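Below: the structure, in structure tokens.
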Amino acid sequence: MTTNPFTHRHLLGIQGLSPSEIGFLLDLSNGYVDQNRRADKKQSTLRGRTLINLFFENSTRTRTSFELAGKRLGADVINMQVSTSSVTKGETLIDTAVTLNAMHLDALVVRHPDSGAVKLLSEKVNCAVINGGDGCHEHPTQALLDALTIRRRKGRLSGLTVAICGDVLHSRVARSNIHLLNIMGARVRVVAPKTLVPAGIERLGVEVFFDMRAGLADCDIVMMLRLQNERMSGNFIPSIREYFHFFGLDYAKLAQARPDALIMHPGPMNRGFEIDSDVADDVERSVIREQVEMGVAVRMAVLDILTRPDREAV
Ligand code: NCD
């Protein structure tokens, strides 16, 4: 068996991981894809372990897939939504973390609307903390599942051209993907209107395009992002109609990409806003459902690796 190069206590982000750590997580995830396709999906790697999903924001796929991942590995899984917890009674983030910590958890998945909140919380607990998305900062398991989807389809990440399109400004998915794809040797473009591109994004190692056709030219992967209305204060786009005209993915714009280019979207999709419904459902080109499948496998790998007793955590 190959030695485990992943020695971190937590998974707070992709930034700072090495190519071998990412490669190891993807290899491990691959094995879990096969397990998840069998009739008996359950194993006992995490038997006796407790996982809590602590979500301060709505989520469908991330929370469900962490729950499934934990259960398939045999862990006890508890889901906490903010609306049903003491947080609505004024308990602080740290109090909540310290209270949960006293219950001897093994892993805590946290989603929070503020960038940096998950890291802060990780400093107050003894268990492994996994970032399930913090504000506009990072969403590491999404980038890992996207990478697994691409690698299984294209056989590699290195040398591919990936266009990340849409609301980059508010997207933790974009940030984690930019880090991961750069670490693994892909070429990354961001394609968006000026109002939705963060200042200085070039410093993360991307090429910026304000024109979608130019941005998609000859790319291998078209990764669409949701317009994150809940994070927008003010007007970032003139109208949905105009946004779709210039930046929505339809067949006309897709024709600029390579003929075998894959279409991705982290979900939830705003059909007709950032992506045409027919394009999203195109079984020849779209791997959106496959991304969801890969999500469970990646989360199993992350839970497995972070709760191994023989790890030398640093
Ligand atoms: C993403 C998120 O929450 O950051 N969704 C997800 O995890 N599947 C992207 C989004 O909400 O648009």
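The values are calculated or read from the model by the stated rules, or taken from the named source; none is laboratory data. Predicted model only: the values in this text are computed from it and were never measured. Cβ placement follows ideal geometry from the backbone for every residue including glycine, while neighbour counts extend to all protein chains displayed. These area figures cover heavy atoms from the full protein model, side chains too; ligands, DNA and RNA do not enter into them. Shrake-Rupley method; radii C 1.70, N 1.55, O 1.52, S 1.80 Å.
Scanning segment 1-49 for residues that are within 15 Å of Asp304 (Cβ to Cβ), small (Gly, Ala, Ser) and open to solvent by 50 Å² or more (accessible area, probe 1.4 Å) returns Ser44, Gly48.
May I ask you to say which residue of Val296, Val279, Val292 is surrounded by fewer than 19 Cβ atoms within 10 Å (Cβ to Cβ) and not charged (D, E, K, R)? Before the answer, list the steps.
On the way: Val296 fails: surrounded by fewer than 19 Cβ atoms within 10 Å (Cβ to Cβ); Val279 fails: surrounded by fewer than 19 Cβ atoms within 10 Å (Cβ to Cβ).
Answer to the check: Val292.
Among the residues of this structure, Tyr243 counts as one that is aromatic (Phe, Trp, Tyr) and out of contact with any helix residue (DSSP H, G or I) (no Cβ under 8 Å at 6 or more places or on another chain). When Ile237 is tested against (1) open to solvent by less than 60 Å² (accessible area, probe 1.4 Å); (2) part of a helix (DSSP H, G or I), exactly one condition is not met: (2). Annotation note: of Pro193, Pro140, Pro198, the sole residue that is more than 25 Å from Arg289 (Cβ to Cβ), within 16 Å of the ligand (Cβ to nearest atom) and either open to solvent by 10 Å² or more (accessible area, probe 1.4 Å) or touching a strand residue (DSSP E or B) at 6+ places or on another chain (Cβ under 9 Å) (or both) is Pro198. Would you confirm whether or not segment 252-261 contains a residue that is within 16 Å of the ligand (Cβ to nearest atom) and not in a loop (DSSP other than H, G, I, E, B)? No, segment 252-261 has no match at all.
Which is part of a loop (DSSP other than H, G, I, E, B), away from the ligand (no atom under 16 Å from the Cβ) and crowded, with 22+ Cβ neighbours inside 10 Å, of Leu157, Leu108, Leu121?
Values: Leu108 fails: part of a loop (DSSP other than H, G, I, E, B); Leu121 fails: part of a loop (DSSP other than H, G, I, E, B).
So the residue among Leu157, Leu108, Leu121 that is part of a loop (DSSP other than H, G, I, E, B), away from the ligand (no atom under 16 Å from the Cβ) and crowded, with 22+ Cβ neighbours inside 10 Å is Leu157.
Only one of the numbered conditions (1) hydrophobic (A, V, I, L, M, F, W, C); (2) under 17 Å from the mean Cα position of the chain (by Cα); (3) under 17 Å from Glu274 (Cβ atoms); (4) open to solvent by less than 10 Å² (accessible area, probe 1.4 Å) is not met by Ile150, and that is (3).
Annotation: Phe273 fulfils all but one of (1) assigned to a loop (DSSP other than H, G, I, E, B); (2) surrounded by fewer than 21 Cβ atoms within 10 Å (Cβ to Cβ); (3) more than 16 Å from the ligand (Cβ to nearest atom); the unmet one is (3).
Kindly evaluate Ile164 against the criterion of being within 21 Å of Leu216 (Cβ to Cβ) and buried (at least 20 other Cβ atoms within 10 Å of the Cβ).
On the way: within 21 Å of Leu216 (Cβ to Cβ): yes; buried (at least 20 other Cβ atoms within 10 Å of the Cβ): yes.
Answer is yes for this residue.
Criterion first (away from the ligand (no atom under 16 Å from the Cβ) and of a type in the set (Val, Ile, Thr)) does Thr50 satisfy it? When the stated conditions are applied, Thr50 passes them.
Anything in segment 166-181 that is more than 24 Å from Arg213 (Cβ to Cβ) and away from the ligand (no atom under 12 Å from the Cβ)? List them, or say none. Within segment 166-181, His179, Leu180 qualify. Screening the candidates Leu73, Leu100, Leu68, Leu51 for the property of being modelled with pLDDT of 95 or more, more than 20 Å from the chain's Cα centre (by Cα) and more than 21 Å from Leu17 (Cβ to Cβ) yields one hit, Leu73.
When Leu303, Leu225, Leu249, Leu204 are checked against the criterion of being away from the ligand (no atom under 16 Å from the Cβ), buried (at least 19 other Cβ atoms within 10 Å of the Cβ) and of a type in the set (A, V, I, L, M, F, W, C), a single residue qualifies: Leu303. Of the listed requirements (1) over 27 Å from Gly48 (Cβ atoms); (2) touching a helix residue (DSSP H, G or I) at 6+ places or on another chain (Cβ under 9 Å), Leu108 misses just one: (1).
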